[in-house]
Amino acid sequence: MTAPRYRSRLHQAARERRLETHPLTGWLRDDGECLGLDDYLAKDGYGVVRQVLGRQDPDDVIETLKAANVRGRGGGGFSAGVKWSLTLKGADMPRGYLVCNADEMEPGTFKDRLLLEQVPHLLLEGMILGGYANDAFYGYIFLRGEYVAAARALSRAIEEARAAGWLGRDIAGSGFDFDIALHTGAGRYICGEETALINSLEGRRANPRAKPPFPGQSGAWGRPTVVNNVETLCNVPAVLRFGADWYQGLSGARSDDGGTKLYGVSGRVHRPGLWELPMGTPAGELLDRAGGLRDGRALKAWLPGGGSTGFLLPEHLDLALDFDTIGQAGSRLGTGILALVADDQSLVALVRNLEAFFARESCGWCTPCRDGLPWAAELLRALERGDGRPGDIERLEALAADQGPGKTFCAHAPGAAMPLASAIRCFREEFERGIAAPGKEAR
């Protein structure tokens, strides 16, 4: 009997070390199958729930998140701890909701899907801890409707957790009540905006709301509501297990942003995929891990975090992939999924495809977005055909400026404007080639 126990201890120690360096992917099974409750518990899953609920003050949990500098992994990069600290709580306030934004519709992004399909209990544990810190009595997972496999995995995990007492009344004997429901959306990009998501959750049209009040003061059904991304919530158990200093140490000298990040690469590369790496990993390392571009092509440009980020150039590959560094370079880290553009691809066609997507996904609430995005897409179609008119490029620049931050109701149009404006700035000659020659019949 001694040898099996010894091996068990070795395996437990190896698992612990893996989780200390890879708090997200360290849970994954080698065969790629979904991690069920028994396997999750065998790796001390829900151990942080036992450690925290009823034993730590909720405000101390929030302070740990703030000290760790856990920044939102959905694209905004706002401090999760600061966001939680702004939630209205108290004896005179109704208990609220914690909502997980799993509506992963950013073009080129697929990181949350991995966590949802393979480690759903990690998300549930993060939500329980978030609910405790924010005095929420109920959680919702707002899931992209097309994520059918993720819906199956989450539904089973919720049933398992509820049957085992990890959801419902008096979780782990702590006196804390919290339950979770899965809500599948109808497939709208605008639901990535937290107040549009809340409207959709309530059964309303998915239009953004005016702020203030912010969701932390008055959100779903008028109660205080916290909305966090999947990857953000999946970081919470590890931060509370190992501490803020450990989390900061994962990125080391690479970045002031703590922790690891699920980075990815898409495009014409040999090995598109995902890697959990320290925050601040250089973009060039991601390109190397993806095996470089196929067919001997050279890199023309790249998007650092989905379709709503600005184009960067090959000389930017040595930049640290963190929120501030990429922001200072004129783009956004976004979701951290790099989209690579080869030297034989047309930037005009690529941007036209993006703008057509954003125009289709606009909720139509404000004029610069509702009317400006379809107009931009039409001008780009003309340039792509080669029958653009003199002044079209300047019109596109003006449209992008009119859709900038602070000029629209939400961040949808500014996100759409960023790739357009950066593509014209960096590759203006490609757009100029789309201007029709004098005498050609007008479109």
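Every number in this text was worked out from the coordinates using simple rules, so none of it is lab data. Predicted model, so just to flag it, every value in this text is computed and none were measured. Cβ: placed from backbone, ideal geometry, glycine included. Neighbour counts: every protein chain shown.
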Any idea what angle helix 120-133 forms with the longest principal axis of the chain, computed on alpha-carbon atoms, 0 to 90 degrees, nearest 10? 80
Low-density loop positions, GluC sites (Glu not before Pro), the stretch 374-443 - DSSP coil, at most 11 other Cβ in 10 Å: Glu441
Could you pull out every residue, at least 5 positions away or on a different chain, whose amide H is within less than 5 Å of the one on Ala436? Hs are placed 1.01 Å off N in the peptide plane, and Pro or chain starts have none. Gly388, Arg389
Considering the Cα trace of the stretch 262-340, what is its radius of gyration and what is Dmax, both in angstroms? 11.1, 34
Here P(r) for the chain, Cα-Cα distances in 20 Å bins, as whole percents, is 25, 54, 19, 2, 0
What is the helix-to-structure angle for 230-242, meaning the angle in degrees between its Cα long axis and the longest Cα principal axis of the chain, kept from 0 to 90 and rounded to the nearest 10? 40
Rounded to one decimal in nm, the spacing of the 7 Å Cα→Cβ label points at Arg385 and Ala401 is 2.8
So for R0 = 35 Å, FRET eff. of Glu394-Trp246 from the Cβ-Cβ r, to 0.05, ends up at 0.10
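Taking 10 °C and 1.306 mPa s as the conditions, I'd like the Stokes-Einstein D for the stretch 20-242 in µm²/s, using the Kirkwood hydrodynamic radius from alpha carbon pairs.
92
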Dimensions of the stretch 347-432 along principal axes (Cα, Å, largest first)? 33, 20, 20
Which ³J(HN,Hα) values in Hz, rounded to whole numbers, follow from the phi angles of the stretch 277-285 under the Karplus curve 6.51 cos²θ - 1.76 cosθ + 1.60, where θ = phi - 60° and Gly and Pro get x? 9, x, 4, x, 4, x, 4, x, 5
How many lysine pairs does the chain hold where the Cα atoms are under 22 Å apart and the two sit 8 or more places apart or on different chains? 9
Least to most buried among Cys363, Cys100, by other C-beta atoms within 10 Å and fewest first, runs Cys363, Cys100
Quick check for me: using +1 on Lys/Arg Cβ and -1 on Asp/Glu Cβ, what's the dipole size of the chain about its Cα centre, in debye to the nearest 20? 400
Kindly list the residues of the stretch 386-402 that lie in the label zone of Ala437, defined by a backbone N under 18 Å from the point 7 Å along the Cα-to-C-beta vector. 386-390
On full extension of the chain, what length is gained from Asp57 through Asp371, given 0.36 nm per residue of separation minus the C-alpha to C-alpha distance? 108.1 nm
Amide H contacts under 5 Å for Ala136, placed H, 5+ residues apart: Gly96
Note to self, the chain gives a 222 nm [θ] from helices alone (DSSP H runs n ≥ 4, -39500 (n - 2.57) apiece, / all residues, nearest 500) of -13000 deg cm²/dmol
What's the angle, to the nearest 10 degrees (0 to 90), between helix 372-385's Cα axis and the longest principal axis of the chain? 60
